[in-house]
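K.L.:
First the structure, which I've put down as structure tokens, then a few questions once you've had a look.
Readers should treat all values here as calculations from the given coordinates under stated rules, not as data from a laboratory. On a predicted model such as this, the values are computed, not experimentally measured, just so you know. Here the Cβ positions follow ideal geometry from the backbone for every residue, glycine too, while neighbour counts run over all protein chains shown.
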Amino acid sequence: MTEPLLRVRDLKTYFVTEQGRGTARAVDGVSFELYPGETLGIVGESGCGKTVTSLSILRLIPEPPGHIRPGSVIEFEGRNLLTLAPAELRAIRGNQIAMVFQEPMTSLNPVFTVGDQIAEAAIIHQGMSRKAARARAIEMLTLVGIPDPAERVDHYPHQLSGGMRQRVMIAMALVCHPKVLIADEPTTALDVTIQAQILELLDRLQTELGMAVLLITHDLGVVAGQADRVVVMYAGQVVETASTTGLFDGPLHPYTEGLMAAVPRIDAPKSRLQAIPGQVPAATAWPSGCRFHPRCPHAWTKCTIEEPPLLGLGDGDHTARCWLVQEPGRRKRDAQ
Amino acid sequence: MTAPLLDMQNLVKHYPGHPPVRAVDGVSLAIAPGQTLGLVGESGSGKSTVGRTILRLQEPTAGRVLFGGEDVFALGTAPLRALRRRMQIVFQDPYSSLNPRMTVGRTLREPLEIHRLVPPAQMEARVTALLDEVGLDTAFAGRYPHELSGGQRQRVGIARALSVEPRFIVCDEPVSALDVSVQAQVLNLLADLQRKRSLTYLFIAHDLAVVRHIADQVAVMYLGRIVERAPAAAIYTGPRHPYTRALLSAVPEPNPRATRERIVLSGDIPSPAHPPAGCPFHPRCPHPKKNDRCRTEAPALRATSDSPAHLAACHFAEEPM
């Protein structure tokens, strides 16, 4: 079996809240692996910790108020990123591991041309001359499908549409041919026809450049279309991991089931949706036992007291943090 | 057919500029009482402007809106205020549409006081009843918006709209800021309230899947115009306009085994200040029959061969793609 490119082990990222209202355990013991060439989807709703996970990987968490707890490990090609010296980390960040954010307007610098911003990484990481880097920027704009790249290279972000800006962000991220691309909600701010363009572009670039993609999204539709494997997060934890087909064919965790039932379907006629009752609890006060138990239709006493580990089914590549995996007889048939 | 509750006739809203921005460019739509019309489109299509203009939150450039037979644009200040009791709006962003310095209770009392709908002695009971109707506990009356989750805020926004007992509500992207699990709660609430209070909705959204779950009729907007309009089932199972076909095909399906062909449109939506000549969709149109006529002659919104109720603005609506 191939070695993972990126290995996250027991990642805990906590935040000290204002006015001493306690510690927000935003990411609370997350583990997963990313293998070369694959797309791993991390899916979850607001507050589940998916974005904090991705920012922690590149050590982009502002400290204070945040801090990554001792014992957390983020290994890239065998080296723990959390213990690297700043200079060593800089050599990896933006070079071997790059990131695309949700909001291209706020992530691009408004006072520099897109060419300058794409060239910057090539100059810093690869020691290119300004002239060579500019040529490289034009090449990258061509690669991401921007028309008239030789002209666009001198444009400022505000002169571009939302879809174009996201293409520029992708060009910036890929200029050093990273091995890992972290894409955090890369299409969430875009219209659906533009989203289709960007997803197609990411697909093509992944094949051409052979990189691994960590795709963070709230959209089960995007995950279904893009990911090879999926990690479902809830309340700062991984609650289910599976191959994409395995997850959609037979979700194990009641939260995953609830999420799938709540998604409006374009192929279903006018009807009521299955909502998950209640809301995501606060990160300063996760519920006892299984963190989903207050919203779970199957929960029994054990779930309120004892926190389930990730339990495997079959050959173990499908796991869920739910006691039902061990005690399927407890599943209530009439629920959901 | 019953008379429509809301009848928009050739609504136009241009914003001044050189050239002017043609946000809404001749929209005619009617909504029957008790029905939901889904108005769908991408950013810049003009769908929100339609919603705001029919309520006269902004003044129209041209056209007419009849509400229960009354000409909305001809009303003076006092009758307009009276009309606002009958027509309400729920906004997308409950974070910015609620006053952060008002408790939920005060937010709900304010419209009741302005319209003098409830004697002071019964105010408390009415606020409690409204909260209950949207699924919130009485304790919420004393809370401020920042103490609420997104879903709870949207419930308050809905309760505020309901407080004056309207017949018609413009729902402008009411669930787009919410997570899926909460989005489903709010959509179900809107459907329940519609049944209970015989409400009529104009439901504005960019998400076609959401609209499918709530709308009876669907109209698709592109660059300020309606390009297709039909009963919901007909639009989703047999879209006729190439834009609608592309839009539907682009919605990511939560099914990894999906085999649906994705039509990826090239280019961006043109600016409504510079709409293309002829059919506004022609520069991005993937229809194989596209020809010079599309580049010069804007197609009228017309009945297709499917049914008189299925309208499309395409010269080749009946041709396969």
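K.L.:
Filter the cross-link list A:Lys270/B:Lys196; A:Lys50/A:Lys179; A:Lys50/A:Lys332; A:Lys270/B:Lys289; A:Lys270/A:Lys302; A:Lys131/A:Lys179 down to pairs whose alpha-carbon distance in this structure exceeds 27 Å.
P.N.:
Correct reply: A:Lys50/A:Lys332; A:Lys270/B:Lys289; A:Lys270/A:Lys302.
K.L.:
Mind telling me which of A:Val168, A:Val16, A:Val111 comes out most flexible in a GNM of chain A, alpha-carbon contacts under 10 Å?
P.N.:
Result for chain A, Cα springs under 10 Å: A:Val111 fluctuates most.
K.L.:
Taking a cut-off of 19 Å, what percent of all Cα-Cα pairs in the range A:68-132 are separated by more than that?
P.N.:
Above the 19 Å cut-off, the range A:68-132 has 49 percent of its Cα pairs.
K.L.:
Give me the Kirkwood hydrodynamic radius of the range B:204-274 in Å, from all C-alpha pairs, to one decimal place?
P.N.:
13.3 Å
K.L.:
Additional query: Using the 2.2 N^0.38 Å rule of thumb for compact globular proteins, work out how chain A stacks up: its C-alpha Rg over that value, please.
P.N.:
This ratio for chain A stands at 1.05.
K.L.:
Another question, then. Apply the Kirkwood formula to the range B:1-79: the hydrodynamic radius equals the inverse of the mean of 1/r over all pairs of different alpha-carbon atoms; give it in Å with one decimal.
P.N.:
Across the range B:1-79, the inverse of the average 1/r is 13.3 Å.
K.L.:
Report the residue, chosen from A:Lys270, A:Lys131, A:Lys50, that carries the largest GNM mean-square fluctuation when chain A is represented by alpha-carbon nodes joined by springs under 10 Å.
P.N.:
Greatest mean-square fluctuation among the candidates belongs to A:Lys270.
K.L.:
Shifting gears a bit: Compute the angle between helix A:114-126 and the longest alpha-carbon principal axis of chain A, please, reported from 0 to 90 degrees and rounded to the nearest 10.
P.N.:
With both axes taken from Cα atoms, the answer is about 90 degrees.
K.L.:
For the range B:87-127 and the range A:263-324, write down the distance between their C-alpha centroids in whole Å.
P.N.:
35 Å
K.L.:
Same structure again: Cα to Cα, under 19 Å, and not fewer than 8 places away if on the same chain: which aspartates and glutamates meet these conditions relative to B:Lys290?
P.N.:
In chain and number order, the partners are B:Glu228, B:Asp268, B:Glu318, B:Glu319.
K.L.:
So for the range B:169-212, what percent of the C-alpha to C-alpha distances run longer than 16 Å?
P.N.:
32 percent
K.L.:
Shifting gears a bit: Is the C-alpha gyration tensor of the range B:79-141 telling us rounded, prolate or oblate? Criteria: a/c under 1.5 is rounded; beyond that, a/b larger than b/c is prolate, otherwise oblate.
P.N.:
oblate
K.L.:
Let me ask something additional. Compute the acute angle (0 to 90°) between the alpha-carbon long axis of helix B:150-163 and the principal axis of greatest extent of the alpha-carbon atoms of chain B; round to the nearest 10°.
P.N.:
80 degrees
K.L.:
Report, to one decimal in Å, the Kirkwood hydrodynamic radius for the protein assembly as shown based on all distinct Cα pairs.
P.N.:
26.9 Å is the Kirkwood radius here.
K.L.:
Can you tell me which of B:Gly157, B:Gly238, B:Gly76 moves the most in a GNM of chain B? Springs connect C-alpha atoms under 10 Å apart.
P.N.:
Checking each option, the largest mean-square fluctuation is seen for B:Gly76.
K.L.:
Right, something else. In degrees from 0 to 90, rounded to the nearest 10, what is the angle of the helix A:130-143 Cα long axis to the longest principal axis of chain A?
P.N.:
Compared with the principal axis, the helix lies near 50 degrees.
K.L.:
If you don't mind, there's one more thing I want to ask. Using only alpha carbons, build the gyration tensor for the range A:228-327 and give me the equivalent ellipsoid semi-axes, biggest first, whole Å.
P.N.:
Listed largest to smallest, the semi-axes of the range A:228-327 are 22, 19, 12 Å.
K.L.:
Calculate the translational D of chain B in whole µm² s⁻¹ from Stokes-Einstein, where the hydrodynamic radius comes from the Kirkwood formula applied to all Cα pairs, the temperature is 20 °C and the viscosity 1.002 mPa s.
P.N.:
Estimated diffusion coefficient is 103 µm²/s.
K.L.:
OK, next. If exposed means no more than 11 neighbouring beta carbons inside 10 Å and the site is in a DSSP loop, what's the longest run of chain B without any exposed trypsin sites (Lys or Arg not before Pro)?
P.N.:
B:117-256
K.L.:
Using the Kirkwood radius over C-alpha pairs as Rh, can you work out the diffusion coefficient of the range A:194-252 via Stokes-Einstein at 10 °C, viscosity 1.306 mPa s, in µm² per second?
P.N.:
Translational diffusion coefficient: 126 µm²/s.
K.L.:
Same structure, new question: Using bins 10 angstrom wide from zero, how does P(r) for the range B:83-212 break down, in % of all Cα pairs?
P.N.:
It works out to 13, 47, 34, 6, 0, in whole percents.
K.L.:
If you don't mind, there's one more thing I want to ask. Cα atoms only: what Rg and Dmax, in Å, come out for the range B:153-260?
P.N.:
Radius of gyration, then largest Cα-Cα span, for the range B:153-260: 15.1, 48 Å.
K.L.:
To the nearest µm²/s, what D does Stokes-Einstein give for the range A:11-51 at 20 °C and 1.002 mPa s, using the Kirkwood radius over alpha carbon pairs as Rh?
P.N.:
It comes out at roughly 175 µm²/s.
K.L.:
Using Cα centres only, tell me the gap between the range B:260-305 and the range A:128-183 in whole Å.
P.N.:
The range B:260-305 and the range A:128-183 have Cα centres spaced 29 Å from each other.
K.L.:
Rounded to whole Å and sorted largest first, list the principal axis extents of the Cα atoms in the range B:31-123.
P.N.:
Result, largest extent first: 43, 31, 26 Å.
K.L.:
Over 10 Å intervals from 0, what percent of Cα-Cα pairs in the range A:145-247 sits in each interval?
P.N.:
Percent of pairs per bin, in order: 13, 43, 32, 10, 3.
K.L.:
Could I ask something else about it? Would you kindly derive the ³J(HN,Hα) couplings of the range B:46-57 from the backbone phi angles with the Karplus curve 6.51 cos²θ - 1.76 cosθ + 1.60 (θ = phi - 60°), listing them in order in whole Hz, with x for Gly and Pro?
P.N.:
x, 5, 5, 4, 4, x, 6, 6, 5, 8, 6, 6
K.L.:
Write down Rg/Rh for the range A:245-304, rounded to two decimals, with Rg from the C-alpha atoms and Rh from the Kirkwood relation over Cα pairs.
P.N.:
1.03
K.L.:
Taking only the alpha-carbon positions of the range A:10-138 and ignoring solvent, what does the Debye formula give for the base-10 log of I(q)/I(0) at q = 0.16, 0.21 Å⁻¹?
P.N.:
-0.98, -1.33
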